[in-house]
């Protein structure tokens, strides 16, 4: 799992290898790391380089999951 910006600071790493059960969803992974509250702020999830909108998407073995913080700026 790849983490960027404040997410990496929150978790304490930019990259984490995570062992998952076969039927784990993206949402369950987010909940596992207690990042659910960031979903309302615009947290995005990419699986193998593609941003997903359905957090109930199942994660396959060896998937590269990236958690992307909300984009801000002016």
- Message: Please verify whether residue 3 is touching a helix residue (DSSP H, G or I) at 6+ places or on another chain (Cβ under 6 Å) and touching a residue at least 40 places away in the same chain (Cβ under 8 Å), treating the condition exactly as stated.
- Response: yes
- Tally of residues being at negative phi, exposed (fewer than 12 other Cβ atoms within 10 Å of the Cβ) and outside any helix (DSSP H, G or I) across the range 21-41: 3
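Pick from 71, 45, 18: which is assigned to a loop (DSSP other than H, G, I, E, B) and touching a helix residue (DSSP H, G or I) at 6+ places or on another chain (Cβ under 8 Å)?
Values: 71 fails: touching a helix residue (DSSP H, G or I) at 6+ places or on another chain (Cβ under 8 Å); 45 fails: assigned to a loop (DSSP other than H, G, I, E, B).
Selected residue: 18, the only one of 71, 45, 18 that is assigned to a loop (DSSP other than H, G, I, E, B) and touching a helix residue (DSSP H, G or I) at 6+ places or on another chain (Cβ under 8 Å).
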- Item | Candidate set: the range 58-68, residues that are assigned to a loop (DSSP other than H, G, I, E, B) and within 12 Å of the chain's Cα centre (by Cα); chosen: the one nearest to residue 2 (Cα to Cα) | 64
- Task: Look at the range 7-20 and say how many of its residues are more than 14 Å from residue 66 (Cβ to Cβ) and either touching a strand residue (DSSP E or B) at 6+ places or on another chain (Cβ under 6 Å) or exposed (fewer than 14 other Cβ atoms within 10 Å of the Cβ) (or both).
- Result: 3
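Taken together, the values in this text are just the output of simple stated rules run on the coordinates, not laboratory data. Model, not experiment: these values are computed from the prediction. All Cβ positions, even for glycine, are placed from backbone atoms using ideal geometry, and neighbour counts span all protein chains on display.
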